[in-house]
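The structure appears below as structure tokens.
The values are calculated or read from the model by the stated rules, or taken from the named source; none is laboratory data. Not measured: the values here are computed from a predicted model. Neighbour counts run over all protein chains shown; Cβ positions are idealised from the backbone, glycine included.
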Amino acid sequence: MDGAPGDGRRSLTTALKKRLYKDGVKLANGTNQNVYTVKGIVKLSSASGGKETIRIDWQVLDPNGKRLGTVSQQNTIPKGSLNGPWGAIADAAAGAAADGIIKLLPKSS
């Protein structure tokens, strides 16, 4: 999770793993080969009225590093609200992204 403020790197990663596992995606651990990867990129930009815009791009990569697609989310939030713990926000973001990520993964036989 590149660019995430506060504990977003850890919170988003943990929340997405939990959600994908709950939805039946087999998770790899360690340095397994032939695995698909989800790379998260968080970008914040200023918005008016004491707010900022957050954009999260979840890139799904095949075992060779080829991008299969990207699931994007964007929202306007109070400025600085993600500088600490993300908590339920990470769970909500991961939950909203999981269905799109799963659609990009090949169906197991």
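Points worth noting:
- Residues that are surrounded by 12 or more Cβ atoms within 10 Å (Cβ to Cβ) and touching a Phe, Trp or Tyr at 6+ places or on another chain (Cβ under 6 Å), drawn from the range 19-53: Val38, Gly40
- When residues of the range 14-43 are limited to those that are part of a strand (DSSP E or B) and of a type outside the set (Lys, Arg), the one farthest from Lys66 (Cα to Cα): Val42
- If the condition is being at positive phi and surrounded by fewer than 16 Cβ atoms within 10 Å (Cβ to Cβ), then the range 1-18 contributes only Gly3.
- Residue list for the range 54-67, filter: surrounded by fewer than 14 Cβ atoms within 10 Å (Cβ to Cβ) and modelled with pLDDT of 95 or more: Lys66, Arg67
- Pairs are defined by a Cβ separation below 7 Å, a sequence spacing of at least 6 or placement on different chains, a first member in the range 85-101 that is under 10 Å from Ala15 (Cβ atoms), and a second member that is among the aromatic types (Phe, Trp, Tyr) and not in a helix (DSSP H, G or I); the pairs so defined are Ala97/Trp58.
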